[in-house]
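Following: one structure in structure tokens, then a few remarks.
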Amino acid sequence: MADNTTSAEIPGASFQAAAYTAQGTARDPVALPEALFDGTVNMPVMHQAVKAYLANQRQGNASTKIRKFVIGGNQKPWKQKGTGRARQGSTRAPHWVGGGTVFGPIPRSYAQYVPRQVRALARKSAFNARARENAIFVIDRFEYDEPKTARLKALVDSLGLGDRKVLILTDGTKPNVFLSGRNLPTVHVMPYGDVSTYHILWSDTVLIEGTALGHELEPVEEQERPAASGKRQGRTTERRASRKAAKKAAAEVQARPRKKTAAKKAAKKPTAKKAAAKKSTAAKKSAKKKGK
């Protein structure tokens, strides 16, 4: 948070956000709407909204059985008197192993209700908190013909947000953008109208589509991305060379036993002299048999 104040409002505050294209090219800054970004930050309301959101995610399925719901124990384990042991009425009593639970959890609802106006104030306060930190960027438009994770990751990296939690708010539901960011652990994509206080405060930076804020930004020419530095290029070439060498060594190791087996097979094959000698011996044997 930029401020730990309980409730603060900056009179006549006007916030501007840096604007970019969908490929990371810088544009002129854009003024954020004053109706939403007026500097109000109400901490107690945000705390209430986040606490209610987290409570509403709980299912409350924990369940235990009291003694009347545990199977068995209908018969008295031993007679009342004469055994020298304490009297017992059921093996399903709470002090028996396998018996019932006393005051254990049962299925319940953890849902908390927050009035609509309080939720709106908390959401507004969260947006203003991020605006104070200059953590709101405006993207002109997200138009993805197909899901492409590399494209969305390139945008996040070009803005220098690769190691930060990024919340992307689109103008309406855009499945291709959502699928593009689904595999990125630090990126969350959702429609602007569905965002909650929890999601805004979870993120370190918020990227908002321009049309969601009422800005129709004209397209601009994309700038070529700078090439990787010499050190980085050297590292990549070294990695590629090491990979090629490892593959070559593995291929040689795999080829060695094949050569041996081929040599063994060649050794087992009879030579021309041996074949001729075998033929001559076979001919002599057949001639002796005929002479007999």
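In the stretch 78-176, which trypsin sites (Lys or Arg not before Pro) fall in coil by DSSP and have 12 or fewer other Cβ atoms within 10 Å?
Working: sites: 79, 81, 85, 87, 92, 108, 116, 119, 123, 124, 130, 132, 141, 148, 151, 153, 164, 165; in loops: 79, 81, 85, 87, 92, 108, 141, 148, 164, 165.
For trypsin sites (Lys or Arg not before Pro) across the stretch 78-176 that sit outside H, G, I, E and B with at most 12 neighbouring Cβ atoms in 10 Å, the list reads 79, 81, 85, 87, 108.
Which chymotrypsin sites (Phe, Trp or Tyr not before Pro) does the stretch 63-133 hold that lie in a coil by DSSP with at most 14 other beta carbons within 10 Å?
69, 78, 103, 110, 113
As an exercise, use a Förster radius of 51 Å and the Cβ-Cβ distance of residue 28 and residue 103 to find the FRET efficiency, rounded to the nearest 0.05. Don't skip to the end; give the middle numbers.
Numbers: r = 64 Å, r/R0 = 1.26.
Step by step, r from the Cβ atoms, then E = 0.20.
Using a Förster radius of 22 Å, what is the FRET efficiency between residue 113 and residue 173 based on their Cβ-Cβ separation? Nearest 0.05, please. Don't jump to the answer; show the numbers that get you there.
On the way: r = 26 Å, r/R0 = 1.19.
Efficiency, rounded to the nearest 0.05: 0.25.
A short reminder: the numbers here are calculations on the coordinates, not readings from a lab. Please read all numbers here as calculations on a predicted model, not as lab measurements. Here the Cβ is made from the backbone with ideal geometry for all residues, glycine too, and neighbour counts use every protein chain on show.
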